[in-house]
Structures are given as structure tokens and as C-alpha cells.
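What follows draws every value from the coordinates through simple rules; no lab data is involved. On a predicted model such as this, the values are computed, not experimentally measured, just so you know. Virtual Cβ from ideal backbone geometry, glycine too; neighbours counted across all protein chains shown.
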Amino acid sequence: MGIIETRTKIVATIGPASESAEVLDELLRAGVDVVRLNLSHGTLDSHLERLKAVRAAASRVGQVVAVLADLPGPKVRAGQFPEGGCNLRGGSKVALVPGEGPSQAGSITVDYPTVLDDLQPGDRVVLGDGAISLGVDSVTADGAECTVLTGGRVQGRPGVHLPSERLRLTTPTSEDLVLARAMAEAGVDFLAVSFVRSPNDLRLVREAIAPHTTRLMAKIETMPAVTALESIAAEADAIMVARGDLGIECPLEDVPHLQKDIIRHCVEIGVPVITATQMMESMITSPSPTRAEVSDIANAVFDGTDALMLSAETAIGVDPAGVVRTMVRIAGRAEAEASYSQWASRLGRVQRDQWHDETMAAGQDRITMAITHAAGQAAADAGAHAILCCTRSGRTTRAMARFRPSATLIGLSPDPATVRAMSLSWGVRALEVATYHSTDDLVWFAVERAVQSGLVKSGDTVLVLAGAPDRPSGASTDVLRIVRVA
């Protein structure tokens, strides 16, 4: 079976159900573009082995695949509940107390020393994945007295979600930095930073992994991150809409609207964005998704997301590859209905409006942004089969992908890390090319490489975007050529 493709990229998390060579190959053939390693579970050595296994699978299958290492971030947990768990009834009273001891139905210990300093009456505290919530009634030197708002059974050591704007735990944690250095040294393509609240959180990781230039992904899962989205997205190489914790931080009814706002902003500025959490949760155990999950995936595609992410579905699910194949079918059907031409038209207007605003225009590469806008229009007018983006950093390809062109979008780079990173951007087929020293050679060999790959054939009209090869890395893309393939 050949590799299945959609223009919306698929991110799959690797775990016990999917780490074997056989299943990895099957996942890539099913349509996975990016493999996620969840560093919250397992040892560093196990993740380094999984990274090697993914690279080997990509080589066997002959597919460009990026690897994303997801850092744990700060975690607050309750003390151990008795074996079998405890039932917290709605309306009952419970105390939160700092400490490391065991928890009971009426008294929950929290491994966060300043919990009583950081809570206020009226706050909402959530346990686990959000099913159980507590309302804080009062705070004394002995504990925080709470009322169970939504009850249920708690067991093990569930996470305790406190109001993030007052949380004193730092992001990244010291553990995050150790893991980040190790994964960057091993050559992972993206590092996802959890519980980001400001651009400085990303800068701390960049400093820690230097001289490695691994791309950083900011997980938007706190309200401070939503408020600081523009500055965080300007610092990040990619964004994840982490709907799990975001849905705990804010009213659930706000999550779909925040998702749309985050995706819209990321597409406008050319930063790849992933929609994540519970996309096909039922398929952890079921052979088919719910109707609501199908609609959720389709709506994320309509929102314009670059990628869709699977977590436990592929890490511990009963049929990891089957989940991917199902997601690919749903995303492909949604793409057939998506209004990409209207999106591109709107984006052109937004871009012009931003340039009239000196604050918005500051720091933008207007030449690259303008020429990619022109390329989208020229491709439509010329009936181009493909748009070839020659790039060292991937910036040209990301800028072109903003317009969601109907033509095949091909990113070509001499840097293998850039080639893999382009796997996350909407619609991009990434190819590695040699380094050339003249614009004519660059254009000629880019077209030849696209023909060799089978993406372009004789008689096709293609557009080629490039910057002059003798200019420094980071210079603007300023060459646009229309070529009829001989």
C-alpha cells in the first residue's frame, strides 16, 4: 500500500502500542507526517531509542518525517489515594493541604508548598483530566476549604490544576531543560514547551540548547498564553492548541472560539499550528470514531489548521494505524469543502492592512510576504500545477503555505533538518536538494528534482520561488519565475 496523503498534516504520538518497527512503518504509510514523543511518560533513554526507531522507519518507507519531543512542563499532583480510589460526591466538603502524604476523600494533599498562598476564595481547582472540580470557599493557615462542584472517583496521584496566572512554578522546569538539551543533541526536529506563559519561556529553552537550533513549539494551554499569543507566536517556530488544559483554564464553551482565533493568527503570520487533544479519543478502544469526533476534525480543517494530532489513540490504542487512516479520510473529505480561495483573498487584505500599521509591520519580511502573495495569484492565473519554494530555513515555504494554494506546494532545501521540519506545514511536500551558486542553476535543478520525485511532469506549468543563492541566509525571497516543464 502506498503512502496516503492529505494536505492537512497528521501528528501521531508513539507509545507501547506503536513503537515496534512493524507498526511504525504502518503508521507512516497510513499518512503520519510528524511523530510525537511524549516526554511526560517513560525514560530519556527510551525516547532516544524511539527517535532512532522513527528515523529508521522513515528510511525504510522512503518518507520525510519530523519528530516532535513534547516536554513535561511543571506538574502539580495530589498525594496518593487509597487503593481503589475515593468517591468525591458533588456538594461535599474537602480540604486541600500542602504536603507529600496520602490523600483521602475529605483531605487532599498537594505537592506544591505555596498552594495556600496562591489560592483565593472563588477559585476553581480541577483534578485529573477535568472531570472533577472543586470550588474554593476559604483559605486558612491549615488548608483551603473547598466544595466539590462536579464529583467522581479519584485514584492514584491525579494532577491538580490551579489558576495558572498565580502559579509560581516556572516554565521551563529544570527537568525540561535537561530533556531539551538531550533531545536537541540527538537531533529531534521540534521541542514542544508546555505551559508557556510568555515569550521568555521559549527564550530560556533556546539558550539552554545552544548551539543547537532545534525548532521550538509553544503549547497554548493557559489564559496568560492566550493573552500573550501575538508575542509568543512571534518567538515560536510552531504553535500547538493544547485544548486539554486550555479547557480546564477557561469555560469549555470558549475553547472552540479560542481555537479559531489561535489558528487564524498563526496562519496569517506563517507559523505552523497543530490542533490537539481528544480528537479521536473513542478510538483508543473502539474501531470507529463518534460523530462528534468526525465533526471536530472537519471543523479544525475548516479553521485552517496545519496539522491534527493524535495522542493516546496511537500511543496505547487498539489500532494505531487504523486511527490514522480514519483521520486521513475525514481530513481529506473536509479539504474538498474548505474555502481556501476565500481564505487566500482575505489573507491578502489582512496583510495589506497590517502594513499600514507600523507596529504590526515591524519585523515582518515584507518582500517574502509580498512575493508569496503574488505567487498565489500568479499560480491561479497561469493554471500552475505546482509551486516550488527553494529555501534554506523553510521560511519561504511557510509564507507560501499561508495562502493554502490549490497547486501542489513543494519545499526544497539543502538542509535535511529544514526538509523534515517542513513536514509540519500545511500542504508541503518536502524534498532535499544540493546547494547551488546561481539563481539559474537553483531554478533549473529545483524543477528537475520535482520531476524526478514524480510531483511534476513534462508539460506542467510551475512557479519557482527563491532568493539569490549568493545572498546571506535569512535574506528575503525575491525571485519568482514561471516555468513550462520540458
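For Lys219, which aspartates and glutamates qualify as cross-link partners when the Cα separation must be under 13 Å and same-chain residues fewer than eight apart are set aside?
Within reach: Asp70, Asp201, Glu235, Asp237, Asp245.
Could you compute the FRET efficiency for Ala434 and Asp261, with r as their C-beta to C-beta distance and R0 at 41 Å, rounded to 0.05?
For R0 = 41 Å, the calculated efficiency reads 0.50.
May I ask for the angle, rounded to the nearest 10°, between helix 44-61 and the longest principal axis of the chain, with both axes built from Cα atoms and the value confined to 0 to 90°?
30 degrees
Label points 7 Å out from Cα along the Cβ direction at Ala378 and Arg346: separation in nm?
Those two pseudo-labels are separated by 2.7 nm.
Would you mind estimating how fast region 265-403 diffuses translationally, via Stokes-Einstein at 20 °C and 1.002 mPa s with the Kirkwood radius over Cα pairs, in µm²/s?
Estimated via Stokes-Einstein, D reaches 127 µm²/s.
Once you place label points 7 Å from the Cα toward the Cβ at Glu448 and Ser107, how far apart are they in nm?
If labels sit at Glu448 and Ser107, their model points lie 7.8 nm apart.
Roughly what % antiparallel, to the nearest 5, for the DSSP beta bridges in region 86-166?
DSSP beta bridges in region 86-166 are roughly 85 percent antiparallel.
In percent, how large is the relative contact order of region 86-166, given Cα pairs closer than 8 Å and 6 or more residues apart?
Relative contact order comes out at 35 percent.
Which order do peptides 33-43, 54-64 fall in by mean Cβ count within 10 Å, highest first?
Order by mean packing, descending: 33-43, 54-64.
What is the extension gain from Glu337 to Val76, computed as 0.36 nm multiplied by their sequence separation minus the C-alpha to C-alpha distance, in nm to one decimal?
Contour length minus Cα-Cα distance gives 89.7 nm.
So how long is each side of region 86-166 along the principal axes, counting just the alpha-carbon atoms, biggest first, in Å?
Reported extents, whole Å, longest axis first: 27, 25, 21.
Return the distance in nm (one decimal) between the two label points of a simple spin-label model at Ala292 and Ala312, each offset 7 Å from Cα along Cα→Cβ.
Distance between the two pseudo-spin positions: 1.5 nm.
How compact and how long is region 33-115, expressed as Rg and Dmax of its alpha-carbon atoms in Å?
Over region 33-115's Cα set, Rg and Dmax evaluate to 20.1, 58 Å.
In percent, how large is the relative contact order of region 168-324, given Cα pairs closer than 8 Å and 6 or more residues apart?
Over region 168-324, the number comes to 16 percent.
What share of the DSSP beta bridges in the chain is antiparallel, in percent to the nearest 5?
Roughly 35 percent of the DSSP beta bridges within the chain come out antiparallel.
Angle, helix 199-209 long axis vs. longest principal axis of the chain, Cα atoms, 0 to 90°, nearest 10?
Around 80 degrees separate the two axes.
Kirkwood hydrodynamic radius, region 340-484, all distinct C-alpha pairs: what's the number in Å?
15.2 Å is the Kirkwood radius here.
Ranked highest first by the average count of other Cβ atoms within 10 Å around their residues, in what order do 323-330, 252-259 fall?
The packing order, highest mean first, is 323-330, 252-259.
What FRET efficiency comes out for Asp142 versus Arg55 if R0 is 56 angstrom and r is the Cβ-Cβ distance? Round to the nearest 0.05.
About 0.55, to the nearest 0.05.
To test your reading of the geometry: what angle, between 0 and 90 degrees and rounded to tens, separates the Cα axis of helix 174-186 from the longest principal axis of the chain?
That helix lies at roughly 30 degrees to the long axis.
State, as an integer percentage, the relative contact order of region 340-484 based on alpha-carbon contacts under 8 Å between residues 6 or more apart.
In percent, rounded to a whole number, it is 25.
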